[in-house]
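Following: one structure in structure tokens, then a few remarks.
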Protein chains: 2
Amino acid sequence: MKTESIEYRDGDVTLRGFVAFDDQTSQRRPGVLVMPEAFGLGVHAKKRAERLAALGYVAVAGDPYGNGLEVTDLQEAIKHASALRADPTKFRQRARVALDKLASLPQVDASRLAAIGYCMGGTFALELARDGAPLRGVASFHGGLETQRPAVAGQIKAKILVCHGADDPFIPPAQVNGFAEEMTKAGADWQVISYGGTVHSFTNPAADSVGNPGLAYNKLSDQRSWKAMVSFFEEIFGGA
Amino acid sequence: MKTESIEYRDGDVTLRGFVAFDDQTSQRRPGVLVMPEAFGLGVHAKKRAERLAALGYVAVAGDPYGNGLEVTDLQEAIKHASALRADPTKFRQRARVALDKLASLPQVDASRLAAIGYCMGGTFALELARDGAPLRGVASFHGGLETQRPAVAGQIKAKILVCHGADDPFIPPAQVNGFAEEMTKAGADWQVISYGGTVHSFTNPAADSVGNPGLAYNKLSDQRSWKAMVSFFEEIFGGA
């Protein structure tokens with residue numbers, strides 16, 4: 001497997017992402033964009049990209065903030081995320097340039113793309129779907145489900161899989177129900193899996209170190225949601 | 001594969017179930033109880049039992065009403081189901097005798113049991129879990145999630161998987177949210193998958209013939225929920 005840093009741009013901002021793929025084959029294959037948590041692009045999203053590459057996909061982990069900025073403090077992460085989310089057009093654009101970079105790679109079959117994301121990264125992936133991006137599927141893990149621009153009927157091309165911690169204090173039941181209504185009105189193909197006994201950041205083994213009880217790793221929900229995503233990708237790609 | 005009718009009793013009532021298993025092996029293997037829809041034990045639950053047997057399990061499809069009673073009219077089905085559900089002790093007992101029959105079979109490893117069910121059958125399976133039955137797992141497909149006897153903390157031994165149609169008019173969002181609260185308070189290991197664009201009886205190809213728009217087959221949600229159950233069984237049984 002090959003992994004390396006990749007650069008791409010969003011206007012004046014230089015973004016420093018990460019790509020992982022099997023370099024023992026030259027065959028074009030499906031590409032998966034991985035958008036990280038609000039802490040920025042770090043080891044969590046990069047490891048997921050490596051696991052996707054091991055499954056036969058080309059995976060690009062995107063840089064949300066520019067210059068590979070990564071923070072460890074929750075309040076600082078929220079500050080950066082809020083600034084980015086304030087303008088929904090710019091927010092979508094930040095994900096779209098990462099997707100375009102993925103689609104442009106010589107290893108990628110650009111007709112077979114998906115996006116996944118964690119926390120704010122899940123919101124990025126869902127915003128791409130709402131924007132009508134040419135994706136076969138989107139999977140969000142503990143992603144925020146609210147939007148300033150609800151999906152318009154018929155616009156979503158991607159099938160949607162949401163993996164949600166039922167006790168996530170940042171994403172209460174009303175938000176999940178509102179998302180379901182939005183997706184149904186939009187005519188999307190959607191599924192939401194709620195995991196009991198599970199809070200925010202449940203896929204990230206480092207979540208507990210943040211020191212907020214609303215964020216915690218949950219090994220079982222991490223494994224279950226990963227398996228659900230793998231099964232979802234088999235459905236939308238018919239195998240890598 | 002061998003399939004045959006089996007008789008068992010609940011007090012004065014003779015129940016006529018159905019068993020399916022691979023008769024080319026004498027090894028004891030996990031047993032799965034399949035409780036049918038409110039129409040009674042018919043082709044739908046029997047076929048699911050056969051598919052479970054093909055996966056390596058011993059599957060018993062239970063008879064809810066006695067003498068293998070099967071009805072086709074929705075109102076008649078609701079009448080029979082309501083009579084059975086009126087007494088929660090008797091309702092649980094009706095599922096428990098079927099589980100006992102399954103556990104008693106010479107092909108079954110009684111330490112590795114699960115129960116699944118459709119519509120009222122899903123409720124049967126969940127009531128077994130609430131009752132503390134010795135099950136590794138329970139999977140409900142478009143099952144009613146309300147109960148007269150909410151689970152007591154620490155009592156549920158089974159892991160719970162609920163596969164739910166998001167547009168099911170018989171199981172509105174408030175009922176799903178209430179179930180989630182009940183399971184969380186009980187300390188259960190639970191997951192709920194909500195499928196968009198999906199109503200009641202989504203696993204049953206004959207649902208459309210009932211002539212009620214609240215019941216309809218949904219091939220994609222049927223396939224997805226079956227795959228989710230297979231994955232769940234791999235987790236709880238470590239392979240058949």
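The values are calculated or read from the model by the stated rules, or taken from the named source; none is laboratory data. Because the structure is predicted, anything quoted here is derived from the model rather than measured. Every residue, glycine among them, receives a Cβ derived from its backbone with ideal geometry; neighbour counts consider all protein chains shown. Surface accessibility is based on the protein's heavy atoms, side chains included, excluding ligands, DNA and RNA. Shrake-Rupley method; radii C 1.70, N 1.55, O 1.52, S 1.80 Å.
Numbers below:
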| read-out | value |
| --- | --- |
| With every protein chain in place, the protein assembly as shown: carbon and sulfur % of accessible area (1.4 Å) | 49 |
| Gyration tensor verdict on chain A (Cα atoms; rounded if a/c is under 1.5, prolate if a/b is larger than b/c, oblate otherwise) | rounded |
| Two-site FRET efficiency, B:Ser5 against B:Thr72, from Cβ-Cβ distance with R₀ of 22 Å, rounded to 0.05 | 0.60 |
| Percent antiparallel among DSSP beta bridges (both partners in chain B, rounded to 5) | 30 |
| Sequence-separation-based contact order of region B:187-236, relative, with Cα cut under 8 Å and 6+ spacing, percent | 29 |
| Residues in region A:189-206 occluded by at least 50 Å² - accessible area, probe radius 1.4 Å, against chain by itself | A:Trp190, A:Gln191 |
| Residue among A:Gln24, A:Gln148, A:Gln175 with the largest mean-square fluctuation in a Gaussian network model of chain A, springs linking Cα atoms under 10 Å | A:Gln24 |
| Nearest residue to the symmetry axis between B and A, taken on chain B by its Cβ, in whole Å | B:Ile193, 2 |
| For region A:107-240: rounded, prolate or oblate by the Cα gyration tensor [a/c cutoff 1.5] | oblate |
| Area hidden from solvent between A and B (accessible, protein heavy atoms only, 1.4 Å, total, Å²) | 1600 |
| Relative contact order of region B:105-213, pairs being alpha-carbon contacts under 8 Å that are 6 or more residues apart, as % | 24 |
| Label spacing, shortest first and in nm, from A:Thr14 to its equivalents in the remaining copies (7 angstrom along Cα→Cβ) | 8.5 |
| Solvent-accessible surface (1.4 angstrom probe) belonging to B:Tyr217, in square angstrom, nearest 10 | 70 |
| Spatial separation of Cα centroids for region A:1-28 and region A:196-213, in angstrom | 28 |
| Within the protein assembly as shown, percent of DSSP bridges classed antiparallel, to nearest 5 | 35 |
| A:Leu74 accessible area, assembled protein chains, probe 1.4 Å, Å² | 30 |
| Unit charges on C-beta of K, R, D, E only; dipole of the protein assembly as shown, Debye | 540 |
| Cα centroid of region A:102-131 to Cα centroid of region B:133-189, whole Å | 34 |
| For A:Pro173, inter-copy label distances in nm, listed shortest first [label point 7 Å out on the Cα-Cβ vector] | 1.1 |
| Long-range HN-HN contacts of A:Gly165 with modeled amide H, under 5 Å | A:His142, A:Tyr195 |
| Surface accessible to a 1.4 Å probe, per residue, for the residues of region B:162-240, Å² | 38 |
| Per-q log10 I(q)/I(0), region B:29-123, q = 0.15, 0.19 Å⁻¹ (Debye; single scatterer per alpha-carbon; no solvent) | -0.55, -0.84 |
| Which of B:Val210, B:Gly238, B:Gly187, positive extreme of dipole for region B:187-240 (C-beta unit charges) | B:Val210 |
| Cα-based convex hull, region A:154-194, per residue volume (Å³, whole number) | 60 |
| Prolate/oblate/rounded label for region B:106-170 (Cα gyration tensor, a/c 1.5) | oblate |
| Shortest-first distances to equivalent copies, position B:Glu76, nm, label 7 Å out along Cβ | 7.1 |
| Rg to Rh quotient for the protein assembly as shown, alpha carbon positions, Kirkwood Rh | 1.01 |
| Where labels lie 7 Å past Cα in the beta-carbon direction, separation of A:Arg16 and A:Glu234 in nm | 3.9 |
